[in-house]
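To start, the structure under review is shown below, and the notes come after it.
The values are calculated or read from the model by the stated rules, or taken from the named source; none is laboratory data. Nothing here was measured: the structure is a model prediction, and the numbers come from that model. Glycine also receives a Cβ, built like all others from the backbone with ideal geometry; neighbour counts cover every protein chain displayed.
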Amino acid sequence: MKNLLFDLDGTLIDSRADLACAVNLTRQDFGLPPRSTAEVVACVGEGVRLLIARAIPERPDLWEAMLTRQRVHYVAHCLDHTVLYPGVAETLEALCAAGWRLAVVTNKPGPVTRPILEGLGIARFFGAVVGGGDTPALKPDPAPLRLAAERMGVTLDADDWMAGDNFTDLEAGRRTGLRRCFCRYGFGEPREETWDLAIDRIADLRGRLLET
């Protein structure tokens, strides 16, 4: 059996509107004007603390208080507009049926990651879910990927995969010795990282893995 680790935002789910909503409600709480969805999304990918620092740079003295408010708002609105990318459910089902063991490894905090997976009906496909805060370091550190393997009861090797839309996923996969799939349809960026496969829709990954 082979193992496949997925990022979440920009890979399995399109969460842009709800991420922007939570940030802008937080800005409103502190008397600041809203930012566009594109501006907020450009700040996503390296954990909620950096999201707040980048999306609300005006008041660094209030970042801790803003972090608390953002978490409250995001929990309340995380499924308002968030959807699976086309073909995600079908791809996960096909991979599981073919014997692949799947996990989610995201920098999004774990307490909100799990309800999103449940709410979108895909939690049942994953043998492990690792969120931001489950390990001391976030991706691109390999620790979250190693924790996912531990929770699945497997040893990762060079035949296993990490799939994601951001350099954090590609670097974490490289540092763990995995093959890397770059999801070009997401909203991250690869920076200087390389990959073994680039896809424009999730079904392309299913086709590649199930034909080998």
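Details
- Criterion applied to LEU62, LEU79, LEU120, LEU32 was being under 20 Å from ASP165 (Cα atoms) and either touching a residue at least 24 places away in the same chain (Cβ under 8 Å) or surrounded by fewer than 19 Cβ atoms within 10 Å (Cβ to Cβ) (or both), and the one residue passing it is LEU120.
- Summed over region 129-159, the residues that are of a type in the set (D, E, K, R) and surrounded by 22 or more Cβ atoms within 10 Å (Cβ to Cβ) give a count of 1.
- Contact map, region 135-163: first residue farther than 18 Å from LEU12 by Cβ, second residue among the hydroxyl-bearing types (Ser, Thr, Tyr) and not in a helix (DSSP H, G or I), Cβ cut-off under 6 Å, separation 6 or more or different chains; pairs are ALA143/THR135; LEU147/THR135.
- Summed over region 174-212, the residues that are part of a helix (DSSP H, G or I) and either closer than 23 Å to LEU84 by Cα or free of Cβ contacts under 8 Å to residues at least 12 places away in the same chain (or both) give a count of 9.
- Put simply, of ASP165, ASP157, ASP141 the only residue that is of a type in the set (Asp, Glu), in contact with a Cys (Cβ under 8 Å, 6 or more places away or on another chain) and either modelled with pLDDT of 95 or more or over 26 Å from THR37 (Cβ atoms) (or both) is ASP165.
- Residues (crowded, with 20+ Cβ neighbours inside 10 Å and not hydrophobic (A, V, I, L, M, F, W, C)) located in region 89-100: THR91
- Identity of the residue in region 59-115, among the small types (Gly, Ala, Ser) and part of a helix (DSSP H, G or I), that ends up farthest from PHE6 (Cα to Cα): ALA65
- Every residue from region 193-211 that is surrounded by 20 or more Cβ atoms within 10 Å (Cβ to Cβ) and of a type in the set (Lys, Arg): ARG206
- Matching residues, region 141-153, being part of a helix (DSSP H, G or I) and acidic (Asp, Glu): GLU150
- Which listed residue is under 10 Å from VAL105 (Cα atoms), of a type in the set (A, V, I, L, M, F, W, C) and assigned to a loop (DSSP other than H, G, I, E, B), from LEU138, LEU156: LEU138
- Qualifying positions in region 12-40 - of a type in the set (Val, Ile, Thr) and closer than 29 Å to PHE126 by Cα: ILE13, VAL23, VAL40
- THR106 under 25 Å from ARG49 (Cα atoms), in contact (Cβ under 8 Å) with a residue 40 or more places away in the chain and surrounded by 20 or more Cβ atoms within 10 Å (Cβ to Cβ): yes
- Checking each residue in region 124-135 for being outside any loop (DSSP other than H, G, I, E, B), among the small types (Gly, Ala, Ser) and under 15 Å from the mean Cα position of the chain (by Cα) picks out ALA128, GLY131, GLY132.
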